[in-house]
Every structure is written in structure tokens, then in C-alpha cells.
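The next block holds one structure in the form of C-alpha cells; read it before the comments.
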Amino acid sequence: MGTLDRVDQGSPVQVVGSSRFDIVYIALHNITVLSQGQTSESASKLYVLDLSLRNDGRRALSLGNLSLVTLISYSDRGEIFSPHTRYLQNGNEDLLLPCTLAPGQEKRGTVTYEIPGSVKSMALYAKSPNWTFLGELFIPDISNGSQSSLGAEYPKNIGMTPHSAVRSGTLLGMGPLASGNKFAVINVSITNHGTADARIKRENLFILTERGITLEHGGEREEEEVARQFLRFPLVIQPGETRTGPILYIVSPGTRVNKLVLTDRNFVINSIVDLNSIYRYELV
């Protein structure tokens, strides 16, 4: 295997309002698409990815099956997919995971994902158990394995600044929630630093927890009395423009991971903020 191109260590992994994940470098060598005997456009397909991972950090990393995930947008929702270990082409696969990488060490192997057939691209992320992102790769066409490494050539043009985040058991105009769920109202500013309009759908701005993805709940999903208080999606933001306003989520209790994530139309993370550091909790 050839030597991977090295990337700069740069700044820490997470910077408020932006994303930079350069601890684990991911390289794609090949994709094999396996049919499951279904021919409809929406039927799931198996994608066997031949990848290399390299630890560009200063500490050893232990990576398991849940350490390499893809965030995918389809059917107006976002979803997290992790590799399947039960799908193997034969008994001789050099599986990539699990593995332990010392600083500077790299490993090559395969991982398999079962993904809806309507999905055309893939944003792949290496992460820690607490959802700290370590590395990333965008694959624009998973049908033939064409790739674009997420370096300087991939523009990340959408910036996000949270001004406040409040969790409460009540909200004017809304009835009580079941099962201890809470209302989360997050006031944000989103800026388009690019040269073309940015169109942000509700699945592009979500709260990520250890339980998965939570999408916004205001806007078109409530009566006008409530909906008019919040930003409505999709947001269309012109070049150089900033949109500011509150967004409503309904969140589950007891979550340890609470990160507000903004992606572009390819579901590539442009901005990520840890809400635990800014949440204000109201008892009512």
C-alpha cells in the first residue's frame, strides 16, 4: 500500500462554530456494490469500502465497529449508519475494524454499510464514543467510488453561532410533553460565507446525542401561533447574509451528548457546537 498524504495537525478537533477533524486521516481505495436481489430504487444496497485509516494524533486510538459512521440525508430525514459485520463477501476479508492505531500508524481493510439505494453520496466520519469527531471523508458518488478528501479543496462555507439554549418543560402555546421530554429553544445565527445561495433543510441542522439525531420541531410542524415564533425551513441564505432566530427541538432526558450540528446539502458537517456548555435549564 502506498503512503498516505499527510495532513497538518492544525488546531484542536472542535472549534466553536466550525468543524475541523484531523486526528484520523481516512483514505478510500475502492468501493464494491453488492446486490441483495431487490431492484427498486429505494431498496437497500451493500457497499463494501476498502479504506485506510491513519492516526495523526499523539495518543493511541482504539476503534471499533461504532467508530466509523456515515451521516446520510434521505426522505427528508437524517440518519446514522454504522458498519455491518454480518455481511461478508467470502471468508478472507481483511476487516478494518476493530483496530488499535499507535501515533503515526495506519491500517487498510474493508467495512460494509447497508444504505438505501436512493442515496448517492456518503459523508464518512471517524469518532470517539462520546461523539467527538476525529476524521472525515466525503464520497460524492458511492456507485463508482469516486472520492474527494475533506481537505482544503472541499469548501465549508456555512458558519453557525449559538447565542442561547434553554431547556424547559413548558412552552407557550404547547401542551405538556410525555415521558419527561423537554422543549429546547436554541437561538442561532447562521452565515453563508460562500458565493452561492445556501439552502438548509431541517435535516441539515440537528441535535446529535448518543441516542441519534433530533430534528427541529417548530416551523411547519405546529400551529401558526407557535410556528411564527421560530425559523422555518428550508432556510435560503444568500452569499454574505446572516439569518438569526430561535429553533425549537423536543429532546429526551438523560442524554450526555448534546451537540448542535450544521451540515451542507451533502450532509458534510460545516459547524458543530457542544450545547452542554451553554444550556440553561428551567425547572417549569
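Annotations for the structure displayed:
- Where a residue in the range 50-64 is more than 16 Å from PRO129 (Cβ to Cβ) and its partner, wherever it lies, is of a type in the set (A, V, I, L, M) and assigned to a loop (DSSP other than H, G, I, E, B), with Cβ under 7 Å and at least six apart: LEU51/LEU96; SER52/MET1; SER52/LEU4; LEU53/LEU96; ARG54/LEU4; ASN55/ALA102; ASP56/VAL7; ASP56/ILE23
- Residues that are under 20 Å from the mean Cα position of the chain (by Cα) and charged (D, E, K, R), drawn from the range 187-239: ARG199, LYS201, ARG202, GLU203, GLU210, ARG211, GLU216
- Of the residues screened, ASP76 is not one that is under 27 Å from PRO155 (Cα atoms), loosely packed, with under 13 Cβ neighbours inside 10 Å, outside the structural domain of PRO129 (by TED's automatic domain parsing) and at pLDDT below 95.
- Exclusive hit being part of a strand (DSSP E or B), of a type in the set (Val, Ile, Thr) and more than 27 Å from SER121 (Cβ to Cβ), set ILE272, ILE213, ILE250: ILE250
- In this structure, PRO176 does not satisfy being surrounded by 12 or more Cβ atoms within 10 Å (Cβ to Cβ) and more than 28 Å from SER82 (Cα to Cα).
- Scan of the range 188-202 for residues that are closer than 18 Å to GLY245 by Cβ and at pLDDT below 95, ordered by number: LYS201, ARG202
The values are calculated or read from the model by the stated rules, or taken from the named source; none is laboratory data. As the structure is a computational prediction, the values presented were derived from the model and not from experiment. Positions of Cβ are generated from backbone atoms using ideal geometry, with glycine treated the same way; all protein chains shown enter the neighbour counts.
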